[in-house]
Amino acid sequence: MTQHYLAYHTPTRMGYGGSAVNTHVLKTSKAAEAQAAVRDRATVWLIGREEGNPKVFWFGWMTAARWKAPHFDIRGFDGELHGDDTSYMMPMDGGEPVPLTGKPWLKAALDKVGNGAFGLQALHDPEVIAGLELLQRATPRMVTGRPRARRKRESE
């Protein structure tokens, strides 16, 4: 059975919006949770905010593959959870983050991460997992391959 984790991106703490998160890297201070996710090859879902926007968005997911401890732990979140090549930690739909406004499971997801205060957390809520998996299946990029922006650059 696949294990799931939920991460929340806060631009005020991280210094950039969720759509700027690296494709395969999630910065976190949650070493124990990140190491457990790697051990279990867990699916890690990323939700959060963009700079200057109060809405909550979905930014993608990764299959946890490796933990890199912080080199200089000044800010407290410099550890890196790396995903494998199936990971898509980037805006998912036409180059834009997917808004979660109106999703019936959003409140449960936000409660799980303490509205952003808790960071990376193990996720066991079937309603939240099902909602995230539905987003994953319904996103055109998952059917057609890598995002258009990357394809365009590669063909130039």
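So, in region 111-156, of the ones that are basic (Lys, Arg) and under 24 Å from Thr2 (Cα atoms), which residue ends up modelled with the lowest pLDDT?
So the first thing to find is which residues in region 111-156 are basic (Lys, Arg), and the list is 112, 137, 141, 146, 148, 150-153.
Adding the requirement that they be under 24 Å from Thr2 (Cα atoms) leaves 112, 137, 141, 146.
Values: Lys112: 91, Arg137: 84, Arg141: 58, Arg146: 47.
Ranking the candidates gives Arg146 first.
Considering only residues in region 68-95 that are assigned to a strand (DSSP E or B) and surrounded by 20 or more Cβ atoms within 10 Å (Cβ to Cβ), the one that is modelled with the lowest pLDDT turns out to be Met89. For region 37-51, taking the residues that are in contact (Cβ under 8 Å) with a residue 12 or more places away in the chain and open to solvent by 30 Å² or more (accessible area, probe 1.4 Å), the one that is nearest to Asn115 (Cα to Cα) is identified as Arg49.
The values are calculated or read from the model by the stated rules, or taken from the named source; none is laboratory data. Being a predicted model, the structure only gives us computed values, none of them experimental. Neighbour counts are summed over all protein chains in view; Cβ atoms, including those assigned to glycine, are modelled from backbone coordinates with ideal geometry. Each accessible area value is taken on the protein alone, full model and side chains, heavy atoms only, with ligands, DNA and RNA left out. Shrake-Rupley method; radii C 1.70, N 1.55, O 1.52, S 1.80 Å.
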